[in-house]
Every structure is written in structure tokens, then in C-alpha cells.
1. Please enumerate the residues belonging to segment 114-134 that are free of Cβ contacts under 8 Å to residues at least 40 places away in the same chain and either outside any strand (DSSP E or B) or open to solvent by 70 Å² or more (accessible area, probe 1.4 Å) (or both).
2. Please go through segment 6-50 and give me each residue that is surrounded by 13 or more Cβ atoms within 10 Å (Cβ to Cβ), under 18 Å from residue 104 (Cα atoms) and not hydrophobic (A, V, I, L, M, F, W, C), ordered by number.
3. So which strands (runs of 3 or more DSSP E) are wholly in segment 7-84 and hold at least 3 residues that are touching an Asp or Glu at 6+ places or on another chain (Cβ under 6 Å)?
4. Any residue that is more than 25 Å from residue 111 (Cα to Cα) and either aromatic (Phe, Trp, Tyr) or open to solvent by less than 30 Å² (accessible area, probe 1.4 Å) (or both) - is there at least one of those in segment 54-66?
5. Could you please find all residues in segment 85-113 being closer than 13 Å to residue 137 by Cβ and assigned to a strand (DSSP E or B)?
6. Could you list, in sequence order, all residues of segment 143-161 that are under 15 Å from residue 111 (Cβ atoms) and open to solvent by 40 Å² or more (accessible area, probe 1.4 Å)?
Amino acid sequence: SPTVYVADNGNNRIEKFVIGLSTMTPVSPPRTTAPDGFDQPQGIAVNPSSTRLFVADDRNHRIVVLARKTLREITAFGTEGNGPGEFEFPYDVAIDSHTPGQLYVADNLNGRVNVFDANTLQYTATFGGNGHRVGLFSIVRALGAPTGPLGGVIVADTANDRIQALNANGDVTGAW
């Protein structure tokens, strides 16, 4: 059965719903995380090649890694700041299906995308930075990892009213 994960921002938890195929409605009450672990959880990414679920824990300035099946916390990483691998209110996460193990994090107020190895959780790169020209961002709220042959990440560059597409190396491949 399909599974839907929801960041319940107002209740500071993650919910997991199993959906019935014939009715497309939950087949049972949701499984939830403990109510005291998150502070404004936002984006969620499911790693299709592992048992991990990544959650942008906005006000705690970190990414929480949960077990997909139980929603038990495996670990968390990140801290508040603007240095490599640090966050200012991370807002979304995405997994690149064509660059195995590449995790993108929308580093909201730092105006950039931080890149990590989804297996080791080690910081590997930063794409963008605060600014207004193409290749830079101003308030990064949403990410998407396209499933096409090139992989990479699509970035909602909110304050610049722009979407930017980047390849797995961080090169801009399109902006509109």
C-alpha cells in the first residue's frame, strides 16, 4: 500500500499514513513521532534506496533522520550558522535519484542549497548563496529532485520570484 508522510508543522510532529488503494484514504490512524522532538518541521524526503526519511527541522536548524517504518529518530545533524553545512532555518530536503546518495537541503535564510552525502551525512558542497543574479538565491523555500536522466535539483528562489534548475555539480541548467 502507498505510504504518505506529512510534516505536521503546527503540532511539531511527522505523521505516516498507509493509504488503501481502492479508497485512497488512510486504512488506520497515522503513526506519529514524539510531540517534543521537532520545532516547525517542514520538508520531507524519502530515500528510495534506504530505510531513511529526512526532515527539515526548521527552528532547530537541523535535519532529522528517521526510520521510514517506525518514525524512530536515527540521528540528526546540522547547527545554526552560515558556515559550510550550517543552516538558517532549513526549509526543505530532496534526494537526487541519479546521483546516488546526494541529499539537498534548502538553507532558507542563507539563500543557498547545502549538499550532503545521504549515507554518511557528511557535508559535500554548497550551491548558490545570497544574491539576485542567476546562480544565487534569496530565500530558498522548496526543492525538488527531478527524476529525469540528468538528476540535480530544482530550487524555488522565492524572494527573486524565480525557479532555477541545477545539475548535480551545482551548475545552472535553467532559470525562469
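1. The answer is 120, 122, 123, 124, 129, 130, 131, 132, 133.
2. Once the filter is applied, which keeps residues that are surrounded by 13 or more Cβ atoms within 10 Å (Cβ to Cβ), under 18 Å from residue 104 (Cα atoms) and not hydrophobic (A, V, I, L, M, F, W, C), segment 6-50 yields 41, 42, 43, 47, 50.
3. By residue number, 41-46.
4. yes
5. Once the filter is applied, which keeps residues that are closer than 13 Å to residue 137 by Cβ and assigned to a strand (DSSP E or B), segment 85-113 yields 91, 92, 104, 105, 106, 107, 112, 113.
6. 158, 159, 161
The values are calculated or read from the model by the stated rules, or taken from the named source; none is laboratory data. Here the structure is a predicted model, which means the values were calculated and not measured. For neighbour counting, all protein chains shown are included, and Cβ atoms are generated from backbone atoms with ideal geometry for every residue, glycine included. Accessible surface is based on the protein model in full, side chains and every heavy atom, while ligands, DNA and RNA are left aside. Shrake-Rupley method; radii C 1.70, N 1.55, O 1.52, S 1.80 Å.
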